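Trainee: The structure's right below; bear with me while I get my questions together.
The values are calculated or read from the model by the stated rules, or taken from the named source; none is laboratory data. This is a predicted model, so every value here is computed, not measured. All Cβ positions, even for glycine, are placed from backbone atoms using ideal geometry, and neighbour counts span all protein chains on display. With ligands, DNA and RNA removed, areas are computed over all heavy atoms of the protein, side chains included. Shrake-Rupley method; radii C 1.70, N 1.55, O 1.52, S 1.80 Å.
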Amino acid sequence: MAVGNALAAGSAPRQFGPLMPPPEPRLHPAHQIWRLLPAAPRRRLLAHGTALLAPRPDRAPPAVAPGAIVAGEVSRASGLGEGARLFHAALGLLGAPAWCIDIGSLVPGEAADLLPPAPPAALPAGVPLLAFVNGPMLPLAALRLGRGVMRGRRVIGHWVWELASAPESWAAGLGFVHEIWVPSAFTAAALAPLAARRGVPIRIVPYPVAARPPAPAALDRTAFGLPDDALVTLVSASLASSVARKNPEAAIRAHRAAFGERPDRVLVLKLGHSAHYRDDLAALAAAAEGAGNIRFETRTLPTADSLALTACSDIVLSLHRSEGFGLVPAEAMLLGKPVVATAWSGNMDFMDADSAALVGYRLIPVADPRGTYDIPGAAWAEPDIAEAAVHLTRLADSAEARAALGARAKAAAGAKLGVQPLADALAALAG
């Protein structure tokens, strides 16, 4: 098995070598003790405990002034962090006044390549607050934002959830929002029963990925140590987002089923936050044992470099068990890359059989070793490995098929993931 470390622009290429995850970050002793508690009680205690202390918004939704305040873990390398950055950029494209508040990291994680924005000198009265913080963590975010930010303005939570039903801990955030925005119909349906209890409206506002098209760095395969004459399939996932849900092990199985040990068929597994989840990384390394055509990238790359790795790839593969949206496939489609993906959950808002190579599945009971998704009766998708292997083989054998699917993917994502849903949502607030 070979392991890669892609480099930022201007660095010399490095050879693939033994799997060396980054040093494990040191956690505060209090946080180490906190992590010893079972996951479900820990989440309930945090959500409901902070809800007792945090400042709440006005009971009646105030009138809104133009623009929006975007708040969240804006400098964190996460889906919600990228969502906040995308919405902030889209507000500018719409000509709407925009302010940004980075609340800092709510959980341990790796920063993105953006510096935290400077705190705004003043926030005009009535400008709505768009909080990219999920329901269970929103009371903690409200504590950090303070009464001066939470009161006198419409508060909207932009929430993302990855199963067909949401856990009870999400109800703790309902008292801190006047409205919920979600990136997909899948998440909207999951949250609807909880939101209905308090009469909180839900609006689908997808991430405006096409409003700020992906801009890869000027890095070629040489910079990533990848062969020019190989077919490269990329899997990109954050281990912090649940390795069971992202399911990169299925990608390893599909690649091995499709290509065996062929050196001209390379699978790259880009795995974020590996330092926090060494056991997961070790299990994936064991699944790839002996495969010289499977490589790992465990560094957190600057956004432009990460996109360059996508641009250097021939196929992007996502055999997820569930997604609230699917940022990586969306970015890949906008880069004109053919995507092979599980045909279930949030990604189906911007994919169909014409714009992606969709993989069939069966629904199975959720089994999540971390407990994040262990909800009684919950199910998620188990993708068909054999069908995924057929898609990979077909696309690998035909540059024309890859180019045609990539072109259709780019057109579909561009049409569905622009700024218009955000413009409509802002207009509805003002109306």
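Trainee: Going toward the positive end of the dipole of the chain, with +1 on Lys and Arg Cβ and -1 on Asp and Glu Cβ, which of 417, 121, 290 do you reach last?
Mentor: 121
Trainee: Also, quick follow-up: Below 12 angstrom from the Cβ of residue 315, what's the summed charge of the other residues (Lys, Arg +1; Asp, Glu -1)?
Mentor: Working: positive: 265, 337, 394, 402; negative: 314, 397.
Around residue 315, the charge tally is +2.
Trainee: Taking the Cα atoms only, what angle lies between the long axis of helix 385-396 and the longest principal axis of the chain, rounded to 10 degrees?
Mentor: Helix 385-396 sits at roughly 70 degrees to that axis.
Trainee: For labels at residue 230 and residue 354 in the simple 7 Å Cα→Cβ model, what's the distance in nm?
Mentor: 3.6 nm
Trainee: If you put +1 on each Lys and Arg Cβ and -1 on each Asp and Glu Cβ, how big is the dipole of the stretch 348-431 around its Cα centre, in Debye rounded to 20? Each step should come with its number before you reach the end.
Mentor: Values: 7 positive and 11 negative charges, 45 e Å.
Dipole magnitude for the stretch 348-431 comes out near 220 debye.
Trainee: I want the local charge near residue 342. Using Cβ-Cβ distances under 13 Å, sum +1 for each Lys or Arg and -1 for each Asp or Glu among the other residues. Before the final figure, lay out each step's value.
Mentor: Working: positive: 245, 246, 321, 362; negative: 162, 323, 382, 384, 387.
Once positives and negatives cancel, what remains is -1.
Trainee: Based on DSSP, what percent of beta bridges with both residues in the stretch 264-368 are antiparallel, to the nearest 5? Could the numbers behind the result be given before it?
Mentor: Values: 0 of 10 bridges.
If I count the DSSP bridges inside the stretch 264-368, around 0 percent turn out antiparallel.
Trainee: Follow-up. For the chain, modelled as a Gaussian network with Cα springs under 10 Å, which listed residue fluctuates most, 367, 68, 77?
Mentor: Ranking 367, 68, 77 by mean-square fluctuation puts 367 first.
Trainee: Could you work out how far helix 399-416 tilts from the main Cα principal axis of the chain, as a 0 to 90 degree angle to the nearest 10?
Mentor: 0 degrees
Trainee: Using a 10 angstrom cutoff on alpha carbons, build the Gaussian network for the chain and name the most mobile of 418, 135, 146.
Mentor: Of 418, 135, 146, the Gaussian network model singles out 146 as fluctuating most.
Trainee: How high is the relative contact order of the stretch 310-431, in percent, with contacts defined as C-alpha pairs under 8 Å that are six or more residues apart?
Mentor: Working: 188 pairs, mean separation 35.0, N = 122.
Relative contact order, the stretch 310-431: 29 percent.
Trainee: Which order do 361, 207 take by accessible area at a 1.4 Å probe, largest first?
Mentor: On the way: 361 95, 207 5 Å².
Order by accessible area, largest first: 361, 207.
Trainee: Grab the DSSP H runs of the chain that are 4 residues or longer, score each as -39,500 (n - 2.57), total them, divide by all residues and round the 222 nm result to the nearest 500 deg cm²/dmol. Could you put the intermediate results ahead of the total?
Mentor: Working: 15 runs with 150 residues, N = 431.
Counting only the DSSP helices, I get -10000 deg cm²/dmol.
Trainee: Using a 1.4 Å probe, how large is the accessible area of residue 303, given in Å² and rounded to the nearest 10?
Mentor: Rounded to the nearest 10, that gives 50 Å².
Trainee: For every other residue with a beta carbon closer than 9 angstrom to the beta carbon of residue 126, add +1 if it is Lys or Arg and -1 if Asp or Glu, then tell me the sum. Provide the component values of the computation, followed by the final result.
Mentor: Working: positive: 153, 154; negative: none.
Net local charge, residue 126 excluded: +2.
Trainee: Eigenvalues of the Cα gyration tensor times 5, then square-rooted: what semi-axes does that give for the stretch 165-315, in whole angstrom, largest first?
Mentor: Values: eigenvalues 266, 75, 37 Å².
Calculated on Cα positions only, the semi-axes equal 36, 19, 14 Å.
Trainee: From the backbone phi of the stretch 200-215, what are the Karplus-calculated ³J(HN,Hα) couplings (6.51 cos²θ - 1.76 cosθ + 1.60, θ = phi - 60°) in whole Hz, Gly and Pro given as x?
Mentor: Karplus-based 3J(HN,Hα) across the stretch 200-215 equals 8, x, 10, 10, 8, 10, x, 4, x, 4, 6, 5, 10, x, x, 10 Hz.
Trainee: Longest exposed-loop-site-free stretch of the chain, with GluC sites (Glu not before Pro), DSSP loop and at most 15 other Cβ within 10 Å?
Mentor: Values: sites that count: 261, 289.
That gives 1-260 as the longest site-free run.
Trainee: Using a 1.4 Å probe on the protein chains only, how many percent of the accessible area of the chain belongs to carbon and sulfur?
Mentor: Values: 10030 of 17240 Å².
Its accessible area is 58 percent carbon and sulfur atoms.
Trainee: Scan the stretch 257-329 for trypsin sites (Lys or Arg not before Pro) in coil per DSSP, keeping those whose Cβ has at most 14 other Cβ atoms within 10 Å, and list them by number.
Mentor: On the way: sites: 265, 270, 278, 295, 299, 321; in loops: 299, 321.
When the trypsin sites (Lys or Arg not before Pro) of the stretch 257-329 are filtered for loop state and at most 14 Cβ neighbours within 10 Å, nothing remains.
Trainee: A follow-up question, please. Could you tell me the relative contact order of the stretch 240-337? Use alpha-carbon pairs under 8 Å, at least six residues apart, and round to a whole percent. Intermediate values should be presented prior to the final figure.
Mentor: On the way: 90 pairs, mean separation 36.1, N = 98.
Relative contact order here is 37 percent.
Trainee: In degrees between 0 and 90, to the nearest 10, how far off the longest principal axis of the chain does helix 39-53 point, with axes built from Cα atoms?
Mentor: The answer is roughly 30 degrees.
Trainee: I've got another one for you. If I model a spin label as a point 7 Å beyond the Cα along the Cα-Cβ vector, how far apart are those points for residue 59 and residue 185 in nm?
Mentor: So the label points at residue 59 and residue 185 sit 3.7 nm apart.
Trainee: Right, next: So what J values fall out for the stretch 268-283 if you push phi through Karplus, 6.51 cos²θ - 1.76 cosθ + 1.60 with θ = phi - 60°, rounded to Hz, Gly and Pro as x?
Mentor: Each residue's phi maps through the Karplus curve to give 10, 9, 8, 10, x, 6, 5, 5, 7, 9, 5, 5, 4, 4, 5, 5 Hz.
Trainee: I've got another one for you. Where both residues lie in the chain, what percent of DSSP beta bridges are antiparallel, nearest 5?
Mentor: The antiparallel fraction comes to roughly 15 percent.
Trainee: Quote the FRET efficiency, to the nearest 0.05, computed for residue 411 versus residue 204 with a Förster distance R0 of 25 Å and r equal to the Cβ-Cβ distance.
Mentor: Values: r = 21 Å, r/R0 = 0.84.
For residue 411 and residue 204, the calculated efficiency is 0.75.
Trainee: Given a 1.4 angstrom probe, what's the average accessible area per residue across the chain, in square angstrom?
Mentor: Values: 17240 Å² over 431 residues.
On a per-residue basis, 40 Å².
Trainee: Let me ask something else about it. If you put +1 on each Lys and Arg Cβ and -1 on each Asp and Glu Cβ, how big is the dipole of the chain around its Cα centre, in Debye rounded to 20? Spell out each step's value before the answer.
Mentor: Details: 39 positive and 35 negative charges, 276 e Å.
In total the dipole reaches around 1320 debye.
Trainee: What does the extension gain come out to for residue 398 and residue 215, with contour length at 0.36 nm per residue minus their alpha carbon separation?
Mentor: Result for the pair: 63.2 nm of gain on full extension.
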